[in-house]
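Since the structure comes first, as structure tokens, the remarks are kept for the end.
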Amino acid sequence: MAELSVKRLKTSLPICKIHRPFVGSRVKQSLRRVAYRLDALANIFEQDDIALPRVAAFFHEHSEQEQAQAEAMLDYLSDRGGQYCNKDIQRPGCEEVCAVIPALELMLGQWKEEMAVMVELSQLSKEHSDPHSASVVKSRFLGPLVPCVKLLGDLLTNARRVGCTIDRSGGFGEYLINQLQEELTNVTSG
């Protein structure tokens, strides 16, 4: 008797090698990696040679929010009977970041990628006749990302306008971003 072939869905989401034979068990992304990367960025801005405490606090706050979102996603996944495969912890990929603009660009790219994954997850839920999952993904995971991406885009624009550099040289722009941005002192919840 021939083995049943598993039909692979067309998607850009990675599939876990361990659960590849199981059609319903697909890993979407490394859920805690975003929080880990944001925490690494915060640690960069706490160093003595850079020392931008409000920028560091901004990244720490969003790291905690991302950790809470990852835990909420894992709880929802387990409630729905899904499986999650932990991956090896890798470097956060921000070792060469030493200024505000590259850090904000990295964070914006990460959130846009996360947003794309959540949109695709919502679409897959709709395609597989699961409107509850689509609604939960949109309201609990995709909805809070939209204002965060807008805030980050505004911060990035302001950083470029005040003259922040893209290298370690630092300057008055970094000081202005650290001292004058209300978004950094009054961190919005994402």
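In a Debye calculation with equal point scatterers on the alpha-carbon sites of the stretch 70-143 and no solvent, what is log10 I(q)/I(0) at q = 0.14, 0.17, 0.23 Å⁻¹? After summing over all Cα pairs, the log10 values are -0.59, -0.80, -1.10.
For residue 149, neighbours were defined as the other residues whose beta-carbon sits under 12 Å from its Cβ, and their charges (Lys and Arg +1, Asp and Glu -1) total -1.
Loop-located trypsin sites (Lys or Arg not before Pro) in the stretch 30-131 (DSSP state other than H, G, I, E, B) with a sparse environment of at most 14 neighbouring Cβ atoms within 10 Å: 80, 87. Computed extension gain for residue 113 through residue 77, at 0.36 nm per residue and net of the alpha carbon distance, reaches 11.0 nm. In a DSSP loop and with at most 13 other Cβ atoms within 10 Å, the GluC sites (Glu not before Pro) in the stretch 70-144 are 95, 96.
Bear in mind that the values in this text are calculations on the coordinates, not laboratory data. This is a predicted model, so every value here is computed, not measured. Reconstructed Cβ throughout: ideal geometry from the backbone, glycine too, with neighbour counts over all protein chains shown.
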